[in-house]
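Here is the structure we will look at, set down as structure tokens.
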Amino acid sequence: MRCASLLALVLLFGACASQPVRTAPFRARPDSVDPGDLRGPFTGRVVDAASASPVAGALVYASWTFEAGTGLPIPGGFREHIGNTDANGYYKVPAVGSAPGGARLVDFTLLVYKRGYVAYRSDRRFGDFGPRLDFSQKQHRIALERWRDDYSHARHLRYVGGGAAVTALTSWEAEEAIAELSGTRKGPGELLPGLGEGPYVVAAQLLTEAEIKAQTRYEGTFETGPLGDEPDTSAYSSQHYKALGRPESFDIAIRMWRADAGGAQSRYDELSTSLPDIDARDEIASRSLRAIEGDIRGVAFLDGPRGLVVLLTCGKSQCATIEDAVALARKAHERIERLWPLDGGVQ
């Protein structure tokens, strides 16, 4: 079966349906050029970057992401492991078990978190949210940087991501983050470099869980955080609302691209020619479309004046009809208009 190259780039990073496990983007060991194994196991040690002393009792959170379907690939479930570093800073993550429902294993992420330090993620850097290239499966050494007062808790929480165990441990940062975003505490500046014109807007700001539940009448809970397709940058942002204990058809995802007017138009044109079963309605913002494939409803819109393109995908168990997805996309654009008035102010 051939790979859906362009669509996979839009939605989740590419993998042919015949591949049960994606090739790992990291090395097997620090001294090896051989690729590692996404399945694991994983070993390493966590130390203080300044003193090189071991960091004991740090949270070690590992997650494996699976993918199902073709064309419009959908999340195929996940597995997780929660542990801690020992007294000497060592960690061990066992290999993952079988894939849920025969889905393909497409990603692995390791998070190490300890209060007083900048967290570590195996897939991205905190400094610029760019991809991390030095992670290895075994014998990996993680040097945690001490937290500085001029760092942003809002940015750090965005970097760390979601998950029940992670959210519980990082809840102390929420008040600091809220104060920064509300303007009651002076922040360190832009949350991401290179934003250019306009205020800071990310996908996580576009919809609240309460708004989703009000529209879809869903009574469960969500685990939220960025998608695993690519790290957030000044040009791209994502947010995944994963319905806990429910099939993937209950999930919602938002992807947002930011560019100049020409770049945004080009991105929207790519979506309009690659998504399946397109119905161009131009009912939201400058231009908009609907798309349906299997259990997934999709709505994309272009906001030309702001240089934004947004793609919202919603499973049929959450969005019973395409109109539910359209309503959520409208709410997202209304939030954009409030966050980024065209007169240049921020409400």
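Any read-out appearing in this document is the output of simple, stated calculations on the displayed coordinates, not a laboratory observation. Quick caveat: nothing in here was measured; it's all calculated off a predicted structure. Neighbour counts run over all protein chains shown; Cβ positions are idealised from the backbone, glycine included.
Would you list, by chain and number, the aspartates and glutamates whose Cα falls below 20 Å from the Cα of LYS213, excluding same-chain residues fewer than 8 positions away?
Straight-distance partners of LYS213: GLU223, GLU248, ASP251, ASP295, GLU323, ASP324, GLU334.
Thinking of segment 114-161 as a set of Cα atoms, what percent of all their pairs are more than 15 Å apart?
Across segment 114-161, Cα pairs with separations above 15 Å total 46 percent.
Provide the net charge surrounding GLY97, with neighbours chosen by a C-beta distance below 10 Å and charges set as Lys +1, Arg +1, Asp -1, Glu -1.
Local net charge: +2.
Among the listed pairs LYS92/LYS114; LYS114/LYS316; LYS242/LYS331; LYS114/LYS331, which have their C-alpha atoms separated by more than 28 angstrom in this model?
LYS114/LYS316; LYS114/LYS331
To the nearest 0.05, how large is the calculated FRET efficiency for ALA214 and ASP134 if R₀ is 35 Å and r is the Cβ-Cβ distance?
0.20
So what are the three principal axis dimensions of segment 203-339 from its Cα atoms, in whole Å, longest to shortest?
41, 29, 27 Å, listed from the longest principal axis down.
Can you put LEU339, LEU308 in order, fewest other beta carbons within 10 Å first?
Ordered by Cβ neighbours within 10 Å, fewest first: LEU339, LEU308.
In nm, what is the difference between 0.36 nm times the number of residues separating VAL21 and THR221 and their Cα-Cα distance?
69.1 nm
In the P(r) worked out for segment 43-172, what percent of Cα pairs fall beyond 27 Å?
Pairs farther apart than 27 Å: 20 percent.
If I take the Cα coordinates of segment 67-140 and project them onto the principal axes, what are the three extents in Å, biggest first?
The Cα atoms of segment 67-140 stretch 43, 29, 22 Å along the principal axes, largest first.
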